[in-house]
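A.B. asks: One structure, as structure tokens, below. Some questions next.
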Amino acid sequence: MDDHTKLILEVSAKPLFPPVYASARLPAAADALEAAVTAAKAGADPATFFWVDREDRLEAAIVLQPEQALEQALPILHVGMIGIGDALGALVPPQMAVTFGWPDRLEANGGLVGGLRLAAPAGCAPDAVPDWLVLGLTILVQRRLIGGEEPGMDPTRTALHEEGCGELTVPDILEAFSRHFLLWVNRFEEEGPRPCLEHWLERGTDYSRSTAVTLRDSVHAGTFIGLDDQGGMLLKTETVQALPLATVLAGPSWSL
């Protein structure tokens with residue numbers, strides 16, 4: 001591990017993570033995913049938890065060491081979504097709906113509030129075990145409104161504080177996410193992807209309904225009938241089409 005990585009592996013008193021994680025605090029301008037990928041390439045320990053020290057936006061990334069081939073490891077993205085979904089479910093008012101937009105979007109009361117990212121070594125074949133994976137998480141806690149914009153004017157975008165979560169802080173969310181994610185990672189490793197994927201569907205936007213998804217500038221429409229074992233979306237038209245989750249490795253489907 002290089003000196004730069006060692007310098008940022010700084011244990012902080014707040015937030016408090018389960019002992020399995022090594023906490024790595026980053027300055028406000030940092031990109032957590034980029035820092036975690038750099039550290040992973042340099043040999044950072046698995047479960048190193050990078051988080052950006054800012055109040056308005058949660059930015060975090062975790063270094064992972066998968067034991068399965070890349071294709072089988074991809075549903076760790078959905079495991080991360082379940083972890084943050086359960087964490088927010090325990091923290092936010094009961095009237096706030098936390099839902100998932102396939103493949104990687106987080107929604108609060110139907111508006112985009114954040115998302116997840118997944119990075120793997122360049123050129124890793126689907127049937128090869130990657131040396132590392134990095135799971136990234138971003139959530140808007142507060143946002144700057146421009147001009148005469150008011151909360152709720154654009155129902156497709158929001159922030160947690162606009163949805164009745166004014167007391168919620170980034171450390172609160174990080175701590176809850178770290179615990180819930182760990183629980184679901186253990187279940188994923190012990191029972192395989194199916195229980196996790198079924199739980200994901202409980203919060204899945206448009207599950208069992210007609211939907212349209214844009215991937216690589218192509219629109220795919222049909223009835224969202226489930227997820228395959230690699231986390232891909234199953235769309236039913238005249239036949240059943242599987243949209244691969246591997247598309248997230250090229251970048252997120254969302255922007256904030």
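The values are calculated or read from the model by the stated rules, or taken from the named source; none is laboratory data. Note that the structure is a prediction, hence the values are computed from the model and not measured. In this analysis, Cβ positions are derived from the backbone assuming ideal geometry, glycine residues included, and neighbour counts consider all displayed protein chains.
A.B. asks: Tell me the residue from Gly101, Gly43, Gly89 that is at positive phi and surrounded by fewer than 22 Cβ atoms within 10 Å (Cβ to Cβ), please.
C.D. replies: Gly43
Quick grid of which residues meet (1) buried (at least 24 other Cβ atoms within 10 Å of the Cβ); (2) in contact with a strand residue (DSSP E or B) (Cβ under 7 Å, 6 or more places away or on another chain):
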site: Ala61; (1), (2): yes, yes
site: Pro66; (1), (2): no, yes
site: Gln72; (1), (2): no, no
site: Leu77; (1), (2): no, yes
site: Gly80; (1), (2): yes, yes
site: Pro94; (1), (2): no, no
site: Glu107; (1), (2): no, yes
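A.B. asks: Taking the residues in the range 49-59 that are out of contact with any Ser or Thr (no Cβ under 8 Å at 6 or more places or on another chain) and buried (at least 18 other Cβ atoms within 10 Å of the Cβ) as candidates, determine which candidate is nearest to Trp184 (Cα to Cα).
C.D. replies: Here the answer is Phe50.
A.B. asks: Then there is this: What is the number of the single condition among (1) modelled with pLDDT of 95 or more; (2) under 30 Å from Tyr21 (Cα atoms) that Glu167 does not meet?
C.D. replies: Failing condition for Glu167: (1).
A.B. asks: Looking only at the range 192-247, filter to residues that are touching a helix residue (DSSP H, G or I) at 6+ places or on another chain (Cβ under 8 Å) and without any contact (Cβ under 8 Å) to a residue 24 or more places away in the chain; which one of those is surrounded by the most Cβ atoms within 10 Å (Cβ to Cβ)?
C.D. replies: Checked the range 192-247; the qualifying residue surrounded by the most Cβ atoms within 10 Å (Cβ to Cβ) is Gly232.
A.B. asks: A follow-up question, please. Just one of Thr211, Thr237 is at pLDDT below 95, touching a Ser or Thr at 6+ places or on another chain (Cβ under 9 Å) and of a type in the set (Ser, Thr, Tyr); which is it?
C.D. replies: Thr237
A.B. asks: Another question, if that's okay. Can you name every residue in the range 221-232 that is out of contact with any Leu (no Cβ under 6 Å at 6 or more places or on another chain), of a type outside the set (Ser, Thr, Tyr) and farther than 13 Å from Leu245 by Cβ?
C.D. replies: Residues satisfying the conditions are Ala221, Phe224.
Every residue, every condition in (1) within 25 Å of Gly231 (Cβ to Cβ); (2) not acidic (Asp, Glu), yes or no:
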{"residue": "Thr138", "(1), (2)": "yes, yes"}
{"residue": "Asp154", "(1), (2)": "no, no"}
{"residue": "Leu160", "(1), (2)": "no, yes"}
{"residue": "Asp172", "(1), (2)": "no, no"}
{"residue": "Ala176", "(1), (2)": "yes, yes"}
{"residue": "His180", "(1), (2)": "yes, yes"}
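A.B. asks: Starting from the range 76-102, keep only residues that are outside any loop (DSSP other than H, G, I, E, B), then list their pairs with residues that are hydroxyl-bearing (Ser, Thr, Tyr) whose Cβ atoms are within a distance under 7 Å, requiring at least 6 positions of separation or different chains.
C.D. replies: Partner pairs satisfying both residue conditions: Thr99/Thr205; Phe100/Thr205; Gly101/Thr205.
A.B. asks: With (1) part of a helix (DSSP H, G or I); (2) farther than 25 Å from Arg25 by Cα; (3) not acidic (Asp, Glu) as the list, and Pro171 as the residue in question, which single condition is left unmet?
C.D. replies: (2)
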